[in-house]
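Everything below concerns the one structure shown next.
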Amino acid sequence: MKLSEKILESLNDIDDAYLEKSEKEYGWVHRYRKQLAGVLSLAAVLILYLSVMPKAQNMDAGSYTAAPAAGNAKQEERTFDAMEVQEAETWASYVIHLKKEDGSALSEAEVKTVYETLLNAGCDAVLTENGTLIIRGDETEIQTQLEQTGYSFELERQ
Amino acid sequence: MVEGETMEDREILDLYFARNEDAIRETDQKYGHYCFSVAWNILFDREDSQECVNDTWNRTWQLIPPQRPNRLQYFLAKITRGFALNCLRTRTREKRGGGEYEAALSELEAVLASGDDPAKTLAAKDLAETVNRFLKKLKDRDRNVFVRRYFYLESAAKIAKRYELSESNVNVILNRVRTQLKEYLQKEGYL
């Protein structure tokens, strides 16, 4: 037997810790997911703040010349803001509850396969240590991706 | 326990120790897909891969007890991998191919071409210890890439996706680690 074959065989005695480490690391999104979630939350708050502030300032300026019109504008602003918030609300973190057609739960390996499928599809998904599958994104897009797995699912908003 | 839920490894091991055949069913439910993928990467054949997984369950039943592995998942992976490599050896060279084993072997052969003299090689166990010592010296990322390639026999493309690296970056890492391995084996007297 050649040395190269022996080396491939000898890897059967590899330290379990190396196998475990090779499983756990899933790129920078996985490694820095907590920090990333924090940064994204801050960014979302900042964007929301910046989008609201200029409108409020404009309304104040308008109120000096035409108070009733400004009042209408304020109402419109409120409506518009509410729509924005509603849109933003569909983009969130969800815990995915998966089931097979017969109603039984998926095995750990099957959940992992779904997780890898979501990652491959470019989804911002995380598989926690206790096997909980969490995804972040637009609810409709998430549903579209999950429908392709063939399992029935429920999304629990975080 | 609710049907469909997977047991903790400790509970599965307890079933083996109680000689309860549910142990195999639970093992299959929890690790069947994982072991199948280990075999599949080597064999690229659904029937043979499934046979390796079934052989793994039988072997595990024989080994536990007395053994009580710390990490059942990797204990099973090593058994499956062993069966898959044996299965591959029983095939004719013409029937090989397609799988990542041949490609991985060629990569190592290209670097270790002068290591075919049996007189220079030590016992398999010594070699395994040497390889483990070598892996310990590697940086985490390099070691992970090496393990995914040469233990799991995953393609560079798959490894790249797993670690969010480019495929060429994976190939560069593998090339560098193979060269380091050659130097290490030379130092240890294998080459």
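The values are calculated or read from the model by the stated rules, or taken from the named source; none is laboratory data. Treat the numbers as computed from the prediction; the structure is a model and nothing was measured. Cβ sites come from the backbone with ideal geometry, for glycine too, and all protein chains shown count toward neighbours. SASA here: full protein model, heavy atoms, side chains in, ligands and nucleic acids out. Shrake-Rupley method; radii C 1.70, N 1.55, O 1.52, S 1.80 Å.
Among the residues of region B:25-47, those identified as more than 14 Å from chain A (Cβ to nearest Cβ) and either closer than 21 Å to A:Leu106 by Cα or not in a helix (DSSP H, G or I) (or both) are B:Phe44, B:Asp45.
Please tell me if B:Asp126 is more than 8 Å from chain A (Cβ to nearest Cβ) and exposed (fewer than 15 other Cβ atoms within 10 Å of the Cβ). It is true that B:Asp126 is more than 8 Å from chain A (Cβ to nearest Cβ) and exposed (fewer than 15 other Cβ atoms within 10 Å of the Cβ). Within region A:111-135, the set of residues being in contact (Cβ under 8 Å) with a residue 40 or more places away in the chain and within 13 Å of chain B (Cβ to nearest Cβ) comprises A:Leu119, A:Asp124. Of the residues contained in region B:3-12, one or more are found to be open to solvent by 20 Å² or more (accessible area, probe 1.4 Å), acidic (Asp, Glu) and touching a strand residue (DSSP E or B) at 6+ places or on another chain (Cβ under 7 Å).
I'd like the full set of residues that are among the aliphatic types (A, V, I, L, M) and within 10 Å of another protein chain (Cβ to nearest Cβ), limited to region B:161-177. Before the answer, list the steps.
Step one: filter region B:161-177 for residues among the aliphatic types (A, V, I, L, M), giving B:165, B:170, B:172-174, B:177.
Passing the criteria: only B:Leu165.
Entry remark, region B:151-165: residues being surrounded by 24 or more Cβ atoms within 10 Å (Cβ to Cβ) and more than 20 Å from A:Leu119 (Cα to Cα) number 1 in total. The set of residues in region A:1-40 being at pLDDT 85 or above and either under 30 Å from A:Ala92 (Cβ atoms) or basic (Lys, Arg) (or both) consists of A:Lys21, A:Val39, A:Leu40. For the structure I just gave you, tell me whether B:Asp45 is at pLDDT below 90 and open to solvent by 30 Å² or more (accessible area, probe 1.4 Å). Yes: the conditions hold for B:Asp45. Of all residues in region A:83-114, those that are open to solvent by 80 Å² or more (accessible area, probe 1.4 Å), at pLDDT 75 or above and more than 16 Å from A:Asn130 (Cβ to Cβ) total 3.
So in region A:115-128, with the set limited to residues that are touching a Lys or Arg at 6+ places or on another chain (Cβ under 9 Å) and under 17 Å from A:Ser93 (Cβ atoms), which one is least open to solvent (accessible area, probe 1.4 Å)? Selected residue: A:Ala125. If the condition is being part of a helix (DSSP H, G or I) and open to solvent by less than 60 Å² (accessible area, probe 1.4 Å), then region A:139-158 contributes A:Ile142, A:Gln145, A:Leu146.
Only residues that are modelled with pLDDT under 90, in a helix (DSSP H, G or I) and farther than 28 Å from B:Tyr150 by Cβ were counted across region B:48-67, and they come to 0. The requirement of being over 24 Å from A:Leu11 (Cβ atoms) and either surrounded by fewer than 22 Cβ atoms within 10 Å (Cβ to Cβ) or of a type outside the set (Asp, Glu) (or both) is satisfied by B:Trp61.
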